Amino acid sequence: MSDALTTLLAEKGTLLADGATGTNLFAMGLMSGDAPELWNEEEPQKINALYKGAVDAGSDIFLTNSFGANASRLKLHDAGHRAFELSRMAAEIGRDVADAAGRKVIVAGSVGPTGDIMEPVGNLTHADAVDMFHETAAGLKAGGADIGWLETISAPEEYTAAAEGFARAELPWVGTMSFDTAGRTMMGVTSTDMATLVAGLDFPPIAFGANCGTGASDLLRTVLGFAATGTTLPLVAKGNAGIPKYHDGHIHYDGTPELMGDYAAMARDCGATIIGGCCGTTPAHLEKMREALDTRPVQPAPSLEAIVAALGAFSSTGDGTGDDGNRPARKRRGRRAA
Amino acid sequence: MSDEDEIILSELDDEELVQQMFDDLYDGLKEEIEEGVNILLERKWMPYDILTKALVGGMTIVGHDFRDGILFVPEVLLAANAMKGGMAILKPLLAETGAPRVGKMVIGTVKGDIHDIGKNLVSMMMEGAGFEVVDLGINNPVENYLEAIEQEGPDILGMSALLTTTMPYMKVVIDTMVEQGIRDDYIVLVGGAPLNEEFGKAIGADAYCRDAAVAVETAKEFVARKHNQLAAG
């Protein structure tokens, strides 16, 4: 049997995902430093409103408030043992909202990074990472999530561990990485590298792509990089609504709803079929994105120049793919035998 | 590597050895760096010269290639780890010989944020540049920062946040410092993925640092400026 996302994607061709979680909860009064996931228990009506905001704006998919619901992240709030139940609650609220929507809406259980660096560079072992991801995935599934949704990952090792966690929970999943360092992830992964990584997994995602990062332009360049690999998996584009600015005690992203509408249409032209926002994307942005996807014709993939003209400059000249794929190498002295 | 001759560190002259240590730092070879430091000590190099000429020199190359997108976090962490091996040998000797101090930094991730990858990178690169670093770890309320700067008397306070939900807390810390009249006693540097220069300015930091390499360059610049101001009286 096909998963709910694949079915809906086949039906509609392009799906609108949701916007921000953290920045929107902030606007609802979440205090700096508090764990958003605790609100699944303490302020369920606000989480309900968050999900409903995306659904009412036309989203086909929304992500649950469980980004930091893993043992490592929750430990900070003395809730390290509650990853399963907080994930379950996040999905339960989501299930209610989706079932009341009057149309098919996918509940995607958000799974964020552990925040730890994995072996061999860091201390987190593969086995521990898989356990943590499994715990979150199992909680999301128990709460009624249709799929799991891994996001904002930098390290290939962590992406692989999460895949195993989803496999163990038998939860179909989508997984995106954050390309925020000169067009690569913090750990140096290019769009091409990610496509290769995904293709080699035993329990591959239903769709893969990019989220967050630096700006809409960079994100689309990454999507073009995925598309250029010839992958047959659906591609996800979830970019930030511009760049964060500080205004009277709160963070405000400078991307307008109109700009995000342009971004959504261009993301589809670049080859993405699951399109949403990330930090700073509010229901007002989502409405313009919905409108753009519903009314604008599909165009050929834009050139890099056209992306810059519409959405602004890239944060770096290259992104490590194509002609600039060869890293400039340092001239080395003789290397010692091991 | 069968066609390459094995390099024996102790057989290299000083200049070649330092060049080789640059390469070994670049490749994150901790044991080789420790060996190199010990050889230079045997050759009666001053600990401060080993630090600045061999280790800091090598880490500067790593920093530049990180800044330029040639090296990424995993490689930098390995290089910093190798550097740390050398520093562990030099640290007590530097204190004994009364070597000049480059500067001191107190650093920590703000309250509610457990991300420490970026902060650790900055710590390592700052140590790599010869700074003394006091790392407060993650999830620091304003009290932790105030207590640490009072106790440690650093030149620089560094704050890191990786979440849009935690970055405003940096302003809480800076505002408290202003209230207590101690803001201008320190250089305040901020960093983290969702930040930018404008945000740094808006909350009253001295500078926003895009990455660990920029943090080191900015720190050096501000400390030099501070020393010049003091010298000018």
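Of the residues B:Asp184, B:Asp23, B:Asp155, the one that moves most in a GNM of chain B with alpha-carbon contacts below 10 Å is B:Asp184. Each 5 Å bin, from zero up to the one with the longest distance, holds this percent of the alpha carbon pairs of chain B: 1, 7, 14, 17, 18, 15, 11, 8, 5, 3, 1, 0, 0, 0. With respect to the cross-link table entries A:Lys238/B:Lys171; A:Lys46/B:Lys201; B:Lys30/B:Lys53; A:Lys46/A:Lys141, which display a Cα-Cα separation exceeding 26 Å? Over 26 Å Cα-Cα: A:Lys238/B:Lys171; A:Lys46/B:Lys201. 3J(HN,Hα) along the stretch B:37-51: 4, 5, 5, 5, 5, 4, 7, 6, 5, 6, x, 5, 5, 4, 4 Hz, from the Karplus curve 6.51 cos²θ - 1.76 cosθ + 1.60 with θ = phi - 60°, whole Hz, x for Gly and Pro.
Annotation for the stretch A:1-60: chymotrypsin sites (Phe, Trp or Tyr not before Pro) lying in DSSP loop with at most 14 further Cβ atoms inside 10 Å of their Cβ do not exist. Of the residues A:Leu197, A:Leu50, A:Leu220, the one that moves most in a GNM of chain A with alpha-carbon contacts below 10 Å is A:Leu197. Plainly put, the protein assembly as shown has a radius of gyration that is 0.99 times its Kirkwood radius, both from alpha-carbon atoms, as the Rg/Rh ratio. Backbone phi angles across the stretch B:142-148, fed through the Karplus curve with coefficients 6.51, -1.76 and 1.60 (θ = phi - 60°), yield HN-Hα couplings of 4, 4, 4, 5, 5, 4, 5 Hz in residue order; Gly and Pro are listed as x. Against the longest principal axis of chain B, how steep is helix B:117-128, in degrees 0 to 90 to the nearest 10, with axes from Cα atoms? Roughly 60 degrees, rounded to the nearest 10. Considering only Cα atoms, the convex hull volume of the stretch A:4-316 works out to 120 Å³ per residue.
With 5 Å bins beginning at zero, the pair-distance distribution over Cα atoms of the stretch B:9-96 amounts to 3, 16, 29, 25, 15, 9, 3, 0 %. Taking amide H atoms as placed 1.01 Å from N in the peptide plane, the amide H of B:Val133 lies under 5 Å from those of B:Met105, each 5 or more residues away in sequence or on another chain.
Under the convention that each Lys and Arg Cβ holds +1 and each Asp and Glu Cβ holds -1, the size of the dipole of the stretch A:98-164 around its Cα centre is about 480 debye.
Rounded to the nearest 20 debye, the dipole size of the protein assembly as shown about its Cα centre is 1100 debye, using +1 on the Cβ of Lys and Arg and -1 on the Cβ of Asp and Glu.
Relative to the Cα centre, the charge distribution of the stretch B:1-129, modelled as +1 at Lys and Arg Cβ and -1 at Asp and Glu Cβ, gives a dipole magnitude of about 1280 debye. Rounded to the nearest 0.05, what FRET efficiency do A:Glu258 and A:Ala313 have when you use their Cβ-Cβ distance and R0 = 22 Å? After rounding, the FRET efficiency stands at 0.75.
Note on chain B: dipole from Cβ charges, positive end direction compared against B:Gly36, B:Gln180, B:Ala79; the farthest Cα belongs to B:Gln180.
Expressed as a fraction of 2.2 N^0.38 Å, the C-alpha radius of gyration for the stretch A:234-303 is 1.13. Within chain A, the longest run free of exposed loop sites, counting trypsin sites (Lys or Arg not before Pro) that sit outside DSSP helix and strand states (H, G, I, E, B) and have at most 10 other Cβ atoms within 10 Å, spans A:104-330.
In chain A, Cα pairs under 8 Å separated by at least six residues give a relative contact order of 17 percent.
Between B:Asp24, B:Asp116, B:Asp68, the Gaussian network model of chain B with springs among Cα atoms under 10 angstrom shows the greatest mean-square fluctuation at B:Asp68. Summing charges over all other residues whose Cβ lies under 9 Å from the Cβ of A:Phe133, with Lys and Arg as +1 and Asp and Glu as -1, gives -3. Between rounded, prolate and oblate, where does the stretch B:48-170 land on the alpha carbon gyration tensor, with a ≥ b ≥ c its root eigenvalues, rounded for a/c under 1.5, else prolate if a/b exceeds b/c? Oblate, since a/c reaches 1.5 and b/c is not below a/b. The stretch A:281-320 and the stretch A:1-64 have their alpha-carbon centroids 22 Å apart.
By the compact-protein rule of thumb, 2.2 N^0.38 Å, the alpha-carbon radius of gyration of the stretch B:104-232 corresponds to a ratio of 0.94. Applied to the stretch A:268-273, the Karplus parametrisation 6.51 cos²θ - 1.76 cosθ + 1.60 on θ = phi - 60° returns per-residue 3J(HN,Hα) values of 5, 4, 6, x, 7, 10 Hz, with x for Gly and Pro. Please give the residues of the stretch B:95-133, grouped as numeric ranges, whose backbone N is less than 20 Å from a label point set 7 Å along the Cα-to-Cβ vector of B:Leu146. Counting only backbone N, you get B:106-113.
Think of it as helices only: each DSSP H run of n ≥ 4 in the protein assembly as shown is worth -39500 (n - 2.57), and spread over all residues that comes to -14500 deg cm²/dmol at 222 nm.
Laboratory data are not the source of any read-out in this text; all were calculated from the coordinates shown. It should be emphasised that the depicted structure is a prediction, and the values quoted were computed from it without experimental measurement. FYI the Cβ positions are ideal-geometry reconstructions off the backbone, even for glycines, and counts take in every protein chain you see.
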